[in-house]
1. State, as an integer percentage, the relative contact order of the chain based on alpha-carbon contacts under 8 Å between residues 6 or more apart.
2. Output the relative contact order of segment 469-615, whole-number percent, from Cα pairs under 8 angstrom with separation of 6+ residues.
3. Using a Förster distance of 45 Å, how high is the FRET efficiency between residue 596 and residue 428, based on the Cβ-Cβ distance and rounded to 0.05?
4. Which stretch or stretches of segment 508-543 have amide N atoms under 19 Å from the point lying 7 Å from residue 555's Cα along the Cα→Cβ direction?
5. Could you give the length gained by full extension between residue 263 and residue 34, i.e. 0.36 nm per residue of separation minus their alpha carbon distance, to one decimal place?
6. Enter the Cα centre distance for the pair segment 428-443 and segment 546-595, rounded to the nearest angstrom.
7. Going by alpha carbons, how many degrees (0 to 90, nearest 10) lie between the helix axis of 572-585 and the longest principal axis of the chain?
8. At 7 Å along the Cα-to-beta-carbon direction for both residue 472 and residue 376, put a label point, then send me their distance in nm to one decimal.
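What follows is calculated from the coordinates using simple rules that are stated; it is not laboratory data. In this text the structure is predicted, and so the values were computed from the model without any measurement. Neighbour counts run over all protein chains shown; Cβ positions are idealised from the backbone, glycine included.
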């Protein structure tokens with residue numbers, strides 16, 4: 001290894017001597033350069049060099065040899081290859097073509113490789129034939145790549161546009177493929193000396209002018225027709241290769257609408273017809289088609305008549321879609337569109353055009369919700385949107401009736417929907433100036449049924465809402481506590497995240513003090529599988545009290561650690577926290593005992609790092 005490194009350093013002697021002779025570096029600086037290069041060369045020659053070693057050497061020296069060494073070892077690293085290509089492009093060292101050939105050989109299945117190679121041939125080498133050959137070869141290897149098809153189309157249209165621009169720049173008739181310089185010169189001379197000539201037949205002169213205009217127009221259309229021919233050919237090939245891609249056809253349509261080609265409107269209709277035939281049952285297609293009719297960005301500053309007309313077209317598309325795809329996802333797209341429009345209008349109920357006929361999109365949206373419900377297409381998300389919209393309109397009673405109806409129906413297992421119903425009932429009670437005992441009892445019984453029905457892991461939000469609502473109502477809070485004990489005995493505690501038992505301990509600590517909190521957490525810890533989160537929260541509680549001077553807290557914390565480790569004896573962090581506590585607040589004997597027990601208990605003792613060893 002040392003011989004190879006020395007050989008490489010000796011190859012640098014002439015270069016370094018030249019730098020010193022030119023006065024760019026002193027002898028001491030040259031020695032530092034040699035030292036740094038030797039360090040990197042040794043790194044690269046060790047048995048298992050890291051990719052980072054090559055990259056750091058490249059950043060320091062920017063030499064091609066290092067890149068080539070790195071690529072020999074990491075042939076499969078696409079990012080490294082592209083860094084190398086960008087370096088070759090910037091330095092213009094003549095190695096780009098060779099590098100691209102290697103990259104294509106090693107990674108023929110990566111579409112971006114073909115696109116990059118073709119772009120370099122097209123933009124930098126000005127070799128359209130080579131770029132076209134690369135794109136076509138790439139499509140043979142990766143026929144299902146949407147990006148390859150789209151970039152191939154863009155390249156061909158760009159080339160056609162360059163040809164047209166070249167014709168104009170050369171002074172030929174605008175947009176023609178052929179030129180007649182003599183005729184052009186003669187026409188220019190006759191135009192400049194028009195007063196020297198007298199027309200013998202004015203009508204004949206006008207006819208001649210019209211003929212010339214028609215000929216010029218025909219020549220201008222040659223490029224548009226050729227461009228359409230190219231577009232159609234590539235489009236047909238792309239659809240045959242990737243028939244199931246809605247996104248590909250959308251991208252082709254966007255390109256077509258952004259350029260001027262012959263019969264482009266007919267081609268747009270053809271593409272839309274193909275899409276409608278291929279994606280008739282795809283809700284995403286119908287949503288995209290409807291939003292083409294009404295785009296908020298395109299109607300800014302337009303009259304209400306125009307907005308209403310475009311909205312009605314979009315609604316017609318959605319109504320047609322519901323016939324073809326009567327599904328929950330289709331209704332969701334429809335609802336999202338209408339809600340977005342209503343939100344942009346600031347919740348305005350009626351919109352009127354010049355005809356004075358108001359269009360109530362709020363009522364129309366409610367009709368769509370009812371239609372989805374009637375067709376049994378009301379999904380969980382759609383039902384929640386339905387309820388939320390009633391609340392947004394301030395119609396609390398209607399929202400309450402609907403929530404009861406939905407929760408008692410096919411969506412009765414939806415926790416999210418029950419959460420909305422509970423929030424609606426809470427709003428109703430808080431709005432009543434003096435709620436009766438019957439109101440409180442009805443709500444609590446409803447809450448009790450829900451909390452008993454769902455496991456704690458799925459009803460976290462419901463429990464949090466209930467705790468906050470009854471935090472200052474001791475009678476109902478105590479009943480909630482009893483319900484929680486039953487639920488946790490059935491489901492067990494949490495190992496991470498939300499902990500219902502910890503939430504109760506926290507509320508009781510704030511409300512009734514530490515002694516009641518200790519009684520409650522001991523009750524929870526006595527249940528089967530109380531959960532690691534509860535242990536940690538109780539330990540933190542006792543540790544903070546110990547720091548504040550509570551004499552019993554340290555002993556309680558030790559008991560909690562011992563109880564937790566009886567179940568979670570392989571938890572390294574728990575052992576470490578126990579050891580840290582003994583160092584800060586306990587004795588050295590206890591800290592040493594914890595270290596000894598941890599290393600004896602843990603299966604992988606090396607994972608345990610005691611704080612006494614960190615120095």
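1. Answer for the chain is 4 percent.
2. Relative contact order of segment 469-615: 16 percent.
3. So the FRET efficiency works out to roughly 0.15.
4. 514-523, 539-543
5. Taking residue 263 through residue 34 to full extension adds about 75.6 nm, to one decimal.
6. Computed from Cα coordinates, the inter-centre distance equals 48 Å.
7. Once rounded, one gets 60 degrees.
8. With each label placed 7 Å out from Cα toward Cβ, I get 4.8 nm.
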